[in-house]
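Inspection log for the structure reproduced underneath, given as C-alpha cells.
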Amino acid sequence: MGTFKIFGSGFLMAGRKARLAIYLWLANFLFSLVLVAPFYFLLQRDLARSLAGEKLFQGQDLLWLGDLVYKYQNVLALFFGWLVVPSLFYLVLQVFLNGGILGRISVGERVNLAAFLSDSAKYFWRFFRVFLISIIGYVLVFVFIGRGLSSLFKIWTESAATQWTTMAASFLRLFVFLLLFSIVKMFFDYVKVSLVIEEGKKAIRATLANFQFLGRRFFRAWGLFLIVGLVFIGLSIGYYLGAKLIPKSGVIPLVILFVWHQVYILAMSWTTVLFFSTECEFFKTHKYSPP
Amino acid sequence: MEKAPNRACLILSLSLLAILFCLPFLEATQITPASGKKNFTRYEIWVELDDAAKMLKGKEDIFWFNHTREEIPDIRLHLYWNGFKNEKSTLLQESREESLLGIQVEDRHWSWIDLKKANLADGPDLLPTLEFINQDEPLHPGDQTVARLVFPQPLLPGEEVHLKLEFEAKIPRGLLRSGFYKDSYFIAQWFPKPGVYEEGKGWNCYEYHLSSEFFADFADFIVHITVPARFVVGASGKQVSAVSDREGKKVTYTFQQGSIHDFAWTAAPDFIKLERDFIADREVSEEEYREVAKKLSLPLEEVRLPDVRMILLIKPEHKSQVERHFKALRAAIKYYGLWYGPYPYETVTMVDPPFRTASGGMEYPTLFTAGTGVLRDKKVLSPESVIVHEFGHGYWYGLAANNEFEEAWLDEGINTYSTGKVLAKAYGPGMFSTSLFGLPLSWFFDFPFYYDREFDRIGAIMIAEIDPITAFSWRFYKRVSYGLNVYFRASTCLHTLERLLGEDQMVRILQTFQMRFRFKHPRTQDFIDVVNEMTARDMSWFFEELFFTTLNFDYGIASLKSSEKKEFFRGMFDADGKKEEITKKDLAGMKKKREKAEGQKIYTTEVKVRRFGEARVRGEAAVKLRVFFEDGSEEVRFWDGQKRWEKFVLEKPAKAVSAEIDPDFIWLIDSNIANNSLKIKPCRRGIFRAAAKVMFWLQCGLSSLRGLS
C-alpha cells in the first residue's frame, strides 16, 4: 500500500475514533484548569474590585501589563518554577493515555471510556519503559548531534556579512532540529505500536527490533509522519486565521474566542490520534511484507 | 580585478578635481577656532586606518587653555581603548562582576592605545612623566584608561599649552560602542582626550567604566582621516575636503567642527551615503511657529529653525528603510528644535551601524548611530525610536553637556522623556514587538500599542528601591539598575513632573535649561533651579523624594464601604426617667417613617486611603480622591498624603460605586495603579479573559509536551 493510501486509511480510522481526541482534550483541559486556578484566584483577589480589572477586559495595555509584572515579579518566578513538576506529571499522564489511544486504535471496536482506561492501564508500564528509553534517544540526538550541528551553524554564521545569514542559519537550524525531533518521535511511536499490535512486553527488545523495521522502510515511514505533521501545521494555520477574525473585545467575542481555543486544542489532540492511527496502519501493512 | 585600471584613472581624476575644489578650503583648515571663541580647546588630529593590521596611527595637536585661577601641574588624558587591553582594566573587571551584561574580549582580540610621543610644542618630552591613574572607587589597580603627563612647569592661569602627541591604537573587534567587523569600522573614544579640569576640584577624568558614558570639554576639532580609497567615510562635523594620494590608493578626508566635545567616525566600503536637507520652511508651518512661540513666550524669530544638512550612511541590506530613517530624523530635528531650541550645527550624520561592530544606538556630537534589522514592521517604531533618541542626545549630552559619569540621568533621563514626546507627536503609539531570529512576530500576532512613557514606567517601578537616580554611573547596584534608573525612572519622574506642572510649563523648563546651559556642563542642581525659577515655587521636594532617594511611590485605596446611614440605634435609652428599649422592629419602623418624610435614603460612604510607599507628595501637591455614586454624581477630596493613611467619610443620598485615588493619573511614577481604585461590586470579566488566555497558552504548552511522551 502506498504512503498516501496508508495516510487515507489512518485518517479514516482517526475519524472513527475521534472520541479518543475528546479524552485527550479533556485531560488537557482539566489539567490546565488546575494549573491556572491559582493564577485566577490571585488576579481575582488583587484586581476584581479595581478599575484595572476592567481594563484587563478591554484588551492588552502596557500600563496594567507593567503593573502585573511588578506586582507578581516574585510570584511569576514561583509560578513558572511550580509548572515544572506538574509538567513532568503531565508527561507521565500522557504516557498513560497513549496506551489507551493505541489500544483502542489497534482493535476495531467502538471507543468507550472504560475500555480506553483499561488499555491505558494495560500498556502503562511498557510505555513508561519506552518513555525512559526515549529520553536517552532525545539526549543522544539533541545533546550530541545537536551540539555538532550547532557548531557547524556557528562556523557558518561567524563569518556572516549581514543579518540575513544569521537569520537564515537560525531558521535552518530550527528546521533541522524539528526534523531530528520528528525522527526520534516517530521511532519511539513505532516501538509503542509494535508493543500493542504484537502484544510484546519487552520494551528494549521492541526498541532494538524497531531499528530493523524502520531501517528498511525509513523514508516511507518518515514521509507518512511528515504528512501528518503537515496536517497539524494546516490546522494551526486554520486556528490562527480564525482567531484573527474574532473581535478583541466584548463578552460574546470573548466566549467565541474561548471556544475557538478549545476547538484548536481538540484538533491538536486529534492529530495525536491521527499520528498513531497512520502509524498503526503503516505497521500492519509493512510488518510482514518485504521492504 | 579587470576593472582596476579604469577605476584608478577615475579615482585619480576625481582626486585632482577634489584638490582643485578644496584649495580654497585648505587654507581654512589651518587651526582656526571654528567656534570663533578665543582660548578655546582645539584639536587637530591626523589619523590613518591600517585596514590589514586593524590599527590606527595618529598624530594629535591639542591646544588646552587654563581657564581657572589655579596653577595646573599636569594634564590627564582618557585612553579609553586600554579598557580592552587586559583583564586588569576597570572595564573588564566590572564586566566580570556583571557576568551576563558585561563584555568579554576574545583571545587575540585585545585592543589598546599607546602614546608613542608626548611633547610640548616648544620641545620638552613629557612621555617619561607618563603614569596611569587609578582613583575611581572601588580601585582597580592595573587600569590604564587614564594617563597623567606632568608639565615641566605648572600651567599658569590664562596660559595655553600646546601638546603634540603621537599614538597607535589597536581597534577593538566590536566591543562596547567601537570596533571593526571584516572591513567595516566604527571608531569612537579613539584618541587621547583630556578630562575636564574643575576649579577647586582638579581633574575630572574617570576611568572607562562598564556602566558609564563620557565627559569632556567643548573644543574645536579638525580631523584628517586617511583610509583606503574604497572606503566611504562619515564623521562628526562637516567634511571640508577629500584628497587622494598620488597612487589613488588612499584618500584623506578632513572634517571640521567647532564647539563639540567628542569626535567619532566610521568607514566601510559598502556604505550607501545619502545627503538631504532639512528645510525648515517646508517642515514647519507658520501656525506651528506661532503656537510654539506662544507656548514658550518667545518672539517668533527666536523659535524659527535653521536648515540642516542630513547625511545618512546606510548598509545596502537596509536600503529599503532609507525613507524611514530620514522621516524620523526630520521629525527629531523639527520637534527638538521647536521645543528645546534650534539645532546649532550645519550637519547631522546618521550612521546605520556596520554589522557586528557593537556600535549601534550611540550618540556623538553631530553624529549618531541608529540601528535596525533587515526585516522591520512598520507598526513598530524601530528604527524610529533609536534615531529620535540618539539625535536627541545632540541636545542632552551634546549641547547641555552634563557629566555622564556622575549624573547620567541629566542626559539619558531627559532624553528618554524627550524621545517619548517626539515619537508620540510624530507617530502616535507604536506596537510592542518581539522577534524570532530577526523575524518580527508583530507580523503574525497582535501586540499592544503603547506610548514610550508606558514602557518607561515598567522599568521605573521595578527599580525604585535599589539606587537613587542620581548615583554615579558605575556605582549602581547592577548595570540593569543603572539602565532602569537613569533612563526609565528618570523619564517617568519627568513625565510625572509634567503632569504636575502642565505640558506647556514643562516645555518652558526644558527649553530654558537647554538654552541656558548650551555649551556648558550643567548639574542636577541647575535643573532643579530652573524648575523652581520657572514655576516660581520650591519644587526641590520632588527631586528629594524621587531622584536623590530610593523611595517607592505608591498611594492607594485600602477600603471602600457604602451603607445606609445609621441614624437610629437599638438598646436601652433613658427617656423621661424611664428605661425604654428600642428593638430591631422599632428600628425598621423608624426608618420607614423617616424615608416617608424625607423621600430618600442617606448613605454613608467611608473611604480609607493609604500611603503604601515611603515617598510622599509635598509642597503644594496633594493626592486627589474621587468617589463615584450610583446616581452618577461624584465627590472629590484632597489629601496631603503625609500620614500613612486617612479616612474620608461622605454622606450622600446614593450608594458609592467606586473610589479612585489620583484619577487624572498625575503620578505616573506610582508603582501600583491596580490599588488606586476600588469598586463596591467586583467584576471578574477582565480576570476571566486574562486567565483564559494564560490557560490557552498552558494548554498549548502541555499539548507540545505530549510530543515527548
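Values quoted throughout were computed directly from the atomic coordinates according to the rules given, and no laboratory measurement underlies them. Quick caveat, the model's predicted, so the values are computed rather than measured. Because the Cβ atoms are built from the backbone with ideal geometry, glycine has one as well, and the counts that use them run over all protein chains shown.
Counting only residues at least eight positions apart within a chain, or on another chain, the lysines with an alpha carbon under 16 Å from that of B:Lys379 are B:Lys327, B:Lys425.
The helix-only estimate of mean residue ellipticity at 222 nm for chain B, built from DSSP H runs of length n ≥ 4 each weighted as -39500 (n - 2.57), is -8500 deg cm²/dmol after division by the residue total.
Considering Cα pairs under 8 angstrom that are at least six residues apart, work out the relative contact order of chain B and quote it in whole percent. The partial results should precede the final answer.
Details: 1478 pairs, mean separation 67.3, N = 709.
Answer for chain B is 9 percent.
If you build the convex hull over the alpha carbons only and average its shadow over all orientations, what do you get for the stretch B:270-548? Give it in nm² to one decimal.
14.6 nm²
Take each residue of peptide A:39-48, count the partner chain Cβ atoms within 10 Å of its Cβ, and average: the result is 5. With contacts defined as alpha carbon pairs under 8 Å and 6 or more residues apart, what's the relative contact order of the stretch B:1-269 in percent? After rounding, I find 26 percent. If only the Cβ of Lys and Arg carry +1 and only the Cβ of Asp and Glu carry -1, the dipole of the stretch A:3-286 around its Cα centre is close to 700 debye. Computed log10 I(q)/I(0) for the stretch A:159-291 at 0.09, 0.13 Å⁻¹: -0.43, -0.74, from the Debye equation with unit scatterers placed on every C-alpha and solvent omitted.
Go through the stretch B:58-133 and name the trypsin sites (Lys or Arg not before Pro) that are in a DSSP coil and have 16 or fewer other Cβ atoms within 10 Å of their Cβ.
The qualifying sites are B:Arg69, B:Lys88, B:Arg108.
Peptide A:160-170 has a mean of 5 when you count, residue by residue, the C-beta atoms of other protein chains within 10 Å of its C-beta. Candidate cross-link partners of B:Lys520 among the lysines, defined by an alpha-carbon separation under 21 Å and a same-chain spacing of 8 or more, comprise B:Lys37, B:Lys38, B:Lys193, B:Lys201. In a simple Cβ point-charge model (Lys, Arg +1; Asp, Glu -1; nothing else charged), the stretch B:1-269 has a dipole of about 1100 debye relative to its Cα centre. Prolate is the label for the stretch B:480-634, because a/c, from the alpha-carbon gyration tensor with a ≥ b ≥ c as root eigenvalues, is 1.5 or above and a/b exceeds b/c.
Across the alpha-carbon set of the stretch B:567-709, the Rg to Rh ratio works out to 1.21, Rh being the Kirkwood radius. Only the Cβ atoms of Lys and Arg (+1) and of Asp and Glu (-1) were treated as charged; on that basis the dipole of chain B about its Cα centre amounts to roughly 3300 debye.
Cα centroid separation, the stretch B:439-509 to the stretch A:165-192: 41 Å.
Sequence-distant contacts, meaning Cα pairs under 8 Å at least 6 residues apart, place the relative contact order of chain A at 33 percent.
Pull out a ≥ b ≥ c, the square roots of the eigenvalues of the alpha-carbon gyration tensor of the stretch B:1-269, then state rounded if a/c is under 1.5, prolate if not and a/b is larger than b/c, and oblate in the remaining case. Verdict is oblate for the stretch B:1-269. Estimated from helices alone, the mean residue ellipticity of chain A at 222 nm is -30500 deg cm²/dmol (sum of -39500 (n - 2.57) over DSSP H runs with n ≥ 4, per residue).
Report the local net charge at B:Glu384: Lys and Arg +1, Asp and Glu -1, summed over other residues whose C-beta lies under 9 Å from its C-beta.
Working: positive: B:Arg324, B:Lys327; negative: none.
Around B:Glu384, the surrounding residues sum to +2.
Scoring B:617-623, B:689-695, B:211-217 by mean Cβ neighbours within 10 Å over their residues and listing the highest first yields B:211-217, B:689-695, B:617-623.
What is the sum of charges, Lys and Arg at +1 and Asp and Glu at -1, for the other residues whose Cβ falls under 9 Å from the Cβ of A:Phe275?
Within the 9 Å Cβ shell, the charges total -1.
Restricting the GluC sites (Glu not before Pro) of the stretch B:60-99 to loop positions (DSSP other than H, G, I, E, B) with no more than 14 neighbouring Cβ atoms within 10 Å leaves B:Glu71, B:Glu87. Taking 0.36 nm per residue of sequence separation and removing the Cα-Cα distance, the B:Glu87/B:Thr549 pair yields an extension gain of 162.9 nm.
Taking the average, over residues, of other Cβ atoms within 10 Å as the packing measure, peptides B:260-269, B:342-351 rank B:260-269, B:342-351 from highest down. Checking every one of the GluC sites (Glu not before Pro) in the stretch A:103-199 against DSSP loop status and a limit of 15 other Cβ atoms within 10 Å picks out A:Glu109, A:Glu198, A:Glu199.
Legend: mean number of C-beta atoms from other chains within 10 angstrom of residue C-beta atoms, peptide B:668-680, equals 5. Between A:Leu254, A:Phe188, B:Ser89, the Cα set farthest toward the positive side of the dipole of the protein assembly as shown (charges on each charged residue's Cβ, about the Cα centre) is that of A:Phe188.
When the alpha-carbon atoms of chain A are used, the pair Rg, Dmax equals 22.4, 70 angstrom.
In terms of its C-alpha gyration tensor, chain B comes out prolate, because a/c is 1.5 or above and the ratio a/b outweighs b/c. Using a cut-off of 24 Å between Cα atoms, the listed pairs B:Lys182/B:Lys250; B:Lys579/B:Lys601; B:Lys315/B:Lys378; B:Lys85/B:Lys238; A:Lys154/B:Lys57 include B:Lys579/B:Lys601; B:Lys85/B:Lys238; A:Lys154/B:Lys57 as exceeding that distance. If you wrap the protein assembly as shown in the convex hull of its Cα atoms and look at it from every side, the mean projected area works out to 57.7 nm². Highest average first, the peptides A:271-282, B:542-553 ordered by how many other beta carbon atoms sit within 10 Å of their residues are A:271-282, B:542-553.
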